[in-house]
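Since the structure comes first, as structure tokens, the remarks are kept for the end.
The values are calculated or read from the model by the stated rules, or taken from the named source; none is laboratory data. Here the structure is a predicted model, which is why all the values come from computation and not from measurement. Cβ placement follows ideal geometry from the backbone for every residue including glycine, while neighbour counts extend to all protein chains displayed. The protein model used for the area step is the full one, side chains on, heavy atoms only, and it has no ligands, DNA or RNA in it. Shrake-Rupley method; radii C 1.70, N 1.55, O 1.52, S 1.80 Å.
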Amino acid sequence: MTEILVLAEHDGESVKKVTTELLTLARAHGEPAVVWTGDGADGARARLAEFGATKVYVADSTDYADYVGAPKAELLAHLVTEKAPAAVLVAATSEGREVAGRLAVKTGSGVLTDVTGLSDGLVGEQSIFGGAITVQSRVRTGTPIIAVRPNAVTPAAAPGAAEIEAVSFAVSGQAKAARVTGKVVAERGERPELTEASIVVSGGRGLGSGEHFALIEQLADSLGAAVGASRAATDAGWYPHQFQVGQTGKTVSPQLYVAIGISGAIQHRAGMQTSKTIMVVNKDPEAPIFELADFGVVGDLFKVVPQLVEEIAKRSAG
Ligand SMILES: Cc1cc2nc3c(=O)[nH]c(=O)nc-3n(C[C@H](O)[C@H](O)[C@H](O)COP(=O)(O)OP(=O)(O)OC[C@H]3O[C@@H](n4cnc5c(N)ncnc54)[C@H](O)[C@@H]3O)c2cc1C
């Protein structure tokens, strides 16, 4: 079977969940070979093996963390030439998308972004126009470069050898044009990362003020969920912009998305429409968000949410 390269997302110690999703997807279409940049590969090997990685190509240099996107694209282009993989999978995160675009140019290949599934012949599935249309596309030129939306695939374990192979590759000066001069770790307390969480609870303008986001946080914490927000809420300064879900915010695809006091504008849908189950609380039965909802409560969020929190607490205690 031909290799499929999977660019690992990691923090130098632990493998991000999206990488286990990419490995699960890659396994169905070839032999998943992880491309690991920087250090930490030895510590992560067991986890990569658990999800079926046959190989781990390690490019152990600080260049990949010290410069923006381009060095990773250069490394992948080198591996595409060397290993002739059937495809390259990256996470459709902001960095993953940048790497995918650069790699496509470097290798003269087609690229699919925001893919939510892959069928035989590496046909990618994408969900567009607020989830109203599902598009199937296939790359016809070069090596398919496929950026997969986090949380679109349920990771499943299957053992692999995860044999480590060092890659000696010198990043060019040109790829070092934009240097990372500092990093600030976003404060999110104990809650899961928004794009990785399996449950997201989001609040919108219906909350009426920033203080009322405490309700959203309470509900999120009772479910072990991440907190999201509509742009109306972040623009009003009620919640930080980094939690905005939508076209100009984060794309999430959790198992459960709870939208509270959010009308369901197309730009908001663009960031959450592929969630597996969508639950809505809105006092307006005509709100467009109900078109997407699997479960909907027509009611005042200030009455419904506290009752929800209470019921969840009872069940957790029982
Ligand atoms: C270029 C562009 C990009 C954009 N990008 C994004 C984006 O990334 N993300 C995004 O979210 N938006 C984005 N928007 C904005 C988007 O068009 C909407 O304006 C925004 O999503 C509305 O947010 P909302 O649903 O919270 O507010 P509203 O549309 O005002 O909806 C509030 C909802 O709360 C309900 N409500 C009110 N009070 C209660 C109550 N007590 N109990 C229950 N329900 C109640 C109302 O019935 C209403 O449905 C973008 C717009 C543009 C033009």
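Where in the range 38-61 does the label zone of A157 land, with the point 7 angstrom along Cα→C-beta and an amide N cut-off under 18 Å?
43-54
Quick one: Kirkwood hydrodynamic radius for the range 181-296, alpha-carbon pairs, angstrom, one decimal?
On the way: mean 1/r = 0.0724 Å⁻¹.
Evaluated on the range 181-296, it is 13.8 Å.
What shape does the range 89-151 take by its C-alpha gyration tensor, where a ≥ b ≥ c are the square roots of the eigenvalues and a/c under 1.5 counts as rounded, a/b above b/c as prolate, and the rest as oblate?
It is oblate, given that a/c is not under 1.5 and a/b is not larger than b/c.
Classify the range 62-120 as rounded, prolate or oblate, taking a ≥ b ≥ c as the square roots of the eigenvalues of its Cα gyration tensor: rounded when a/c is under 1.5, otherwise prolate if a/b is larger than b/c and oblate if not.
Since a/c reaches 1.5 but b/c is at least a/b, the shape of the range 62-120 is classed as oblate.
Pairwise over distinct Cα atoms, reciprocal of the mean inverse distance: report the Kirkwood radius of the range 1-155 in Å, one decimal place.
About 15.2 Å, per the Kirkwood formula over Cα pairs.
For the chain, what's the relative contact order in percent, using C-alpha pairs closer than 8 Å and at least 6 residues apart?
In percent, rounded to a whole number, it is 15.
Take T277 and S137, extend 7 Å from each Cα along the Cα→Cβ direction, and tell me the distance between the two endpoints in nm.
3.2
State the extension gain, in nm to one decimal, for the chain segment bounded by A177 and A65, taking 0.36 nm per residue of separation less the distance between their alpha-carbons.
39.0 nm
Collect residues whose amide H, placed 1.01 Å from N in the peptide plane, falls under 5 Å from the amide H of K250; neighbours closer than 5 in sequence don't count.
Q244, V245
Sorted from largest down, what three extents in whole angstroms do the Cα atoms of the range 275-316 have along their principal axes?
31, 24, 10
Remind me, relative contact order of the range 1-94 in percent, using alpha carbon pairs under 8 angstrom and six or more residues apart?
Relative contact order here is 38 percent.
In the range 1-46, which GluC sites (Glu not before Pro) fall in coil by DSSP and have 12 or fewer other Cβ atoms within 10 Å?
Qualifying residues, ordered by number: E13.
For the range 225-318, what is the accessible area per residue in Å² when the probe is 1.4 Å?
That works out to 48 Å² per residue.
Taking amide H positions as placed 1.01 Å from N in the peptide plane, with prolines and chain starts having none, which residues 5 or more places from I164, or on another chain, fall under 5 Å of its amide H?
Sorted by chain and number, the residues that satisfy this are V56.
Among 168-176, 310-318, how do they line up from the highest to the lowest mean number of other beta-carbon atoms within 10 Å?
Top to bottom by mean Cβ count within 10 Å: 168-176, 310-318.
Between A170 and Q307, what FRET efficiency comes out of the Förster formula 1/(1 + (r/R0)^6) with R0 = 51 Å and r the beta carbon distance, rounded to 0.05?
Values: r = 61 Å, r/R0 = 1.19.
The value I calculate is 0.25.
At 0.692 mPa s and 37 °C, plugging the Kirkwood radius over alpha-carbon pairs of the range 1-44 into Stokes-Einstein gives what diffusion coefficient in µm²/s?
309
Output the peptides 93-103, 199-209 sorted from most to least packed, where packing is the average of other Cβ atoms within 10 Å over each peptide's residues. Please list the in-between numbers first.
Working: 93-103: 20.0, 199-209: 22.9.
The most tightly packed comes first, giving 199-209, 93-103.
Once R0 is set to 25 Å, what does the formula 1/(1 + (r/R0)^6) return for the Cβ-Cβ distance between V184 and E211, expressed as a FRET efficiency to the nearest 0.05?
According to the calculation, E is roughly 0.50.
Based on a Kirkwood Rh over C-alpha pairs, give the Stokes-Einstein translational diffusion coefficient of the range 98-211 at 37 °C and viscosity 0.692 mPa s in µm²/s. Don't skip to the end; give the middle numbers.
On the way: Rh = 18.7 Å.
In µm²/s, the coefficient is 176.
Can you tell me the 0 to 90 degree angle between the C-alpha axis of helix 17-27 and the longest principal axis of the chain, rounded to 10?
In the chain, helix 17-27 runs at an angle near 60 degrees to the longest axis.
Expressed in whole Å with the largest first, what are the equivalent ellipsoid semi-axes of the chain derived from the C-alpha gyration tensor as the square root of 5 times each eigenvalue?
Over the Cα atoms of the chain, the ellipsoid semi-axes are 37, 20, 19 Å.
Over the range 73-161, with every protein chain in place, what whole percent of the accessible area is carbon and sulfur at 1.4 Å, could you tell me? Could the numbers behind the result be given before it?
Working: 1930 of 3850 Å².
The nonpolar share, carbon plus sulfur, comes to 50 percent.
Quick one: with all protein chains in place, what share of the accessible area of the range 198-318 is carbon or sulfur, to the nearest percent (1.4 Å probe)?
Carbon and sulfur together cover 52 percent of it.
Once each part is reduced to its C-alpha centroid, what is the distance from the range 112-190 to the range 53-106 in angstrom?
The range 112-190 and the range 53-106 have Cα centres separated by 10 Å.
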